[in-house]
Amino acid sequence: MAPGGPISNEPFLPAATDGRKIWLRVGTLLDGVGSAPIRGAHVVYDKSTILFVGADFPSGNLLNANQAQPDLDLPDYTLLPGLIEGHAHFFLEGGELNLDMRAAYLKQTPDELLRAAKARLEKLVRLGVIAVRDAGDKNGVGLALSKLYASDRRPTTMPYVDSPGAAIHHKGRYGSFMADPIENCESLRDCVASRVKAGADRIKLIPTGIINFKQGAVTAEPQMTTDEVSELVAAAKSFGKQTLAHASGDVGIQRAIDGGVDSIEHGFFLRDDQLAEMRDRQIVWVPTFSPVQEQVDHADAMGWDAQVVSNLKSILERHAASLIRAHEMGVQIVAGSDAGSCGVAHGVGFLNELELMERAGLSPISVINSATGTSSNRLAFKEKFGQIKSGYRSRFILTRHSPLETVSNLRKQKWTVFDGDVFESDENFDATGL
């Protein structure tokens, strides 16, 4: 429900204000980190912060004056953290499939690209996405949004955003549309320092190319050596920054692992021994099924023949099997859709990514944790969100359609509480411009 009134036959969830706390009792609570739901939980929050979470009644000092009962008792509802999109490109419009239109879109000025990105912000919150780890662009769009969020000009309804700014790659190799080359810097450390000076929240590396769909493999040699990755990671650490590495193909992935990156983005063709190394070194995996799945779903529009479609399906099957093994081995898995990629709309593409992870074999609660608490714990965000826990931001989802049955239920009618205000979305959500 939008702020201002209830929906027929549904509970009216009041907005928290500077002078009013809200006390809810819900039938099911998913805290973002636990392997099992909490039943019959109480949650008290104000406009900015969750004040209490537990099975017992909260103490009186946490409540409004003379309050003895919850504002709402919702035994049929599930409360879960707001979602964290772990890999997106704000400078791209993902929902557009036409390649000529996508090329024309990128010919816009940085200001025009930023204006289009800003138009997505409230829609993301309404969908339940309360934070986005932008994965980089050379037009300054992600950095501008990160700075906007941190400023006193931040729109009321804007998800948390951080960004690496321009990624780092080698001249003439994959990534020129979102990266600036190493060759433009005097040294690898200078490459990192220039990003930090520009305001980067973390450092994005592109050690490999992309999948050759016609061959069903990564056929190009990695573009960074292990020594280069190691030096870039060391420089990032000296500035207190995490590193995320675009990496597919086992040879390039190994260089990223050996170089000590914080996360492997995409990670197609990961080997089991590499998953074990990632677990032991606490390297996160962000699998991003969606871009490849979109190629299958829209094969005719992409011009793919039956052989390429077969390759794509085989890649996805192998990726799904790796995801299950990674989960069983204890690898930290973070959900990210690569929103902005062809066909992967911001927000709704992330919901699709969660569905693909469930389809691969993860349980709904494991998928939800990958989109909430795992990101919250591992990605060094500057604020506390993504968990239902005292001291965390009051940014969460309330729904009568249990996501424990299937994460697809997150598409159905739900309410997002965001800094006290309440927003509704359902299957009829307007995804224009995402």
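The values are calculated or read from the model by the stated rules, or taken from the named source; none is laboratory data. Remember, predicted model here, so these are calculated numbers, not experimental data. Using ideal geometry, Cβ is built from the backbone for each residue, glycine included, and neighbour counts are taken over all protein chains shown. The protein model used for the area step is the full one, side chains on, heavy atoms only, and it has no ligands, DNA or RNA in it. Shrake-Rupley method; radii C 1.70, N 1.55, O 1.52, S 1.80 Å.
Reported count of residues in the range 99-116, each being surrounded by 12 or more Cβ atoms within 10 Å (Cβ to Cβ) and outside any helix (DSSP H, G or I), is 2. For beta carbons closer than 8 Å, sequence separation of 6+ or different chains, a first residue in the range 149-170 that is under 30 Å from Gln223 (Cα atoms) and open to solvent by 10 Å² or more (accessible area, probe 1.4 Å) and a second that is among the small types (Gly, Ala, Ser) and modelled with pLDDT of 95 or more, the qualifying pairs are Ala166/Gly136; Ala166/Ala179; Ala166/Ala198. Residues being in contact with a helix residue (DSSP H, G or I) (Cβ under 9 Å, 6 or more places away or on another chain) and open to solvent by 40 Å² or more (accessible area, probe 1.4 Å): count how many of those fall in the range 68-98. Counting residues in the range 68-98 that are in contact with a helix residue (DSSP H, G or I) (Cβ under 9 Å, 6 or more places away or on another chain) and open to solvent by 40 Å² or more (accessible area, probe 1.4 Å) gives 6. Going by the structure shown, is Arg189 of a type in the set (Lys, Arg) and either crowded, with 19+ Cβ neighbours inside 10 Å or closer than 22 Å to His89 by Cα (or both)? Taking the combined requirement at face value, the residue does not satisfy it. Picking from residues in the range 117-133 that are in a loop (DSSP other than H, G, I, E, B) and under 20 Å from His87 (Cβ atoms), the one that is farthest from the chain's Cα centre (by Cα) is Arg120. For Ala380, the stated conditions hold: it is in contact (Cβ under 8 Å) with a residue 60 or more places away in the chain, open to solvent by 30 Å² or more (accessible area, probe 1.4 Å) and within 15 Å of the chain's Cα centre (by Cα). Would you say Asp134 is of a type in the set (Asp, Glu) and either surrounded by fewer than 18 Cβ atoms within 10 Å (Cβ to Cβ) or within 23 Å of Trp415 (Cβ to Cβ) (or both)? No: the conditions fail for Asp134. For the range 175-186, the set of residues classified as free of Cβ contacts under 8 Å to residues at least 60 places away in the same chain, out of contact with any helix residue (DSSP H, G or I) (no Cβ under 7 Å at 6 or more places or on another chain) and crowded, with 16+ Cβ neighbours inside 10 Å consists of Ala179, Asp180, Pro181, listed by residue number.
Against the numbered list (1) under 24 Å from the mean Cα position of the chain (by Cα); (2) assigned to a loop (DSSP other than H, G, I, E, B); (3) among the acidic types (Asp, Glu), Glu186 comes up short only at (1).
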